[in-house]
Amino acid sequence: MATFFVSRLKSERDTSPIASGPQETPPMYELNGLSGEWLPLLLTYTNPKHLNSVTKSITGMAKTEMEAKLFYRKPLVVFVLGGPGSGKGTQCPKIVEHFGFRHLCAGDLLQAEIESESENGKMIQNFKKEGKIVPSEITVKLLQQAMQQSDNKRFIIDGFPRNEENRAAFENIVRIKPEFVLFFDCPEEELTKRILNRNQVTLLHILVAESLPMHLFTTFSVFLKGRVDDNIETIGKRLKVYFETTLPVINYYNSKGKVQKIDAQRSIKEVFEDVKSVFAKLRPVARVGSTK
Ligand SMILES: Nc1ncnc2c1ncn2[C@@H]1O[C@H](COP(=O)(O)OP(=O)(O)O)[C@@H](O)[C@H]1O
Ligand SMILES: O=c1ccn([C@@H]2O[C@H](COP(=O)(O)OP(=O)(O)O)[C@@H](O)[C@H]2O)c(=O)[nH]1
């Protein structure tokens, strides 16, 4: 079977526009657990932009789906979880800056969907207002699209998965398990204080903007719109959802030894020191993407 497969790959390589396309690093495919003789053939498929067509192309050649998947070098994913207001959105840009990850915030992707006035926008807005979790297929699709569109293959996914259904949907559809889960642990009282403060800051901005001439006000108000869910009523609902449905997901990953817990109650700087030491231990870039 191996000989058959190699010869099919050779003929595909000779004729495929992908194979003769630009060679980009890092290599996207490697042979995991198979004979080394196949490696040079597959290293010709290195252009991330051709990911989908390559996968399809390989699927066409492989005798089984499983064979095709063996060639796909998976991205590295870290989930960033913690209650609303625990500091996920504050710390993630720092991780990007220091460690070169691509930051995907599930809440921001959903917000962009609301603002694009897409078919699902109104429905997402209603879930958000109620502090409820948007159906998994919508969020997973947005995350998957964002991952496919990125040239970076290392992602921090912030604010997801929020429940068991989210977790299972991501693992089943995207077929990637997180390298680890960064968990910002913060008491409820502190979370409430921070979220209310976040909204007050926004309100203050709007008041300032309102005293400006009309054209400046219009510009400002677009940037400084308050969050529909940072009010005391919705905060209560979001915290309930967090403790009842997101904490069990964190516990699940903890039982697999995958949680890196950070004490998020300290200053932003102190929290980042801990975050840094977690990411510094990460396996080197060259090994990123093994299919384990
Ligand atoms: N370590 C911290 N100490 C005090 N305030 C913080 C800290 N981290 C974040 N904040 C503030 O708390 C609010 C919520 O933080 P944010 O990063 O938006 O949380 P999340 O993304 O987890 O909802 C923001 O106003 C932010 O400036
Ligand atoms: O994977 C997600 C992420 C967010 N949300 C919705 O978006 C809201 C805001 O989430 P975000 O992560 O932006 O803010 P946080 O609650 O962490 O402050 C949540 O309450 C949910 O209604 C969701 O349904 N699924």
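The values are calculated or read from the model by the stated rules, or taken from the named source; none is laboratory data. Just so you know, these numbers come straight off a predicted model, no measurement behind them. Ideal geometry is used to build each Cβ from the backbone, glycine not excepted, and the neighbour counts take in all protein chains shown. For accessibility, only protein heavy atoms count, side chains too; no ligands or nucleic acids. Shrake-Rupley method; radii C 1.70, N 1.55, O 1.52, S 1.80 Å.
Structural remarks
- Environment charge of residue 89, counting only residues whose C-beta is closer than 9 Å and scoring Lys/Arg +1, Asp/Glu -1: -1
- Take 96-102, 267-273 and order them by the average number of nearby Cβ atoms within 10 Å per residue, most first; the result is 96-102, 267-273.
- What a 1.4 Å probe finds exposed on region 76-282 is 53% carbon and sulfur by accessible area, rounded to a whole percent.
- Protection-proxy order for peptides 78-84, 127-133, 161-167, each taking the mean of Cβ atoms within 10 Å per residue, highest first: 78-84, 161-167, 127-133
- Using a simple spin-label model with pseudo-atoms 7 Å out from Cα toward Cβ, residue 171 and residue 119 lie 3.0 nm apart.
- Fraction of the pair-distance distribution of region 76-282 above 29 Å, Cα-Cα pairs, percent: 25 percent
- Sequence-distant residues sharing a close amide H with residue 180 (under 5 Å, placed H): 79
- Greater than 22 Å apart at Cα, pairs in 153/177; 94/122; 141/276; 193/276; 153/269: 94/122; 141/276; 193/276; 153/269
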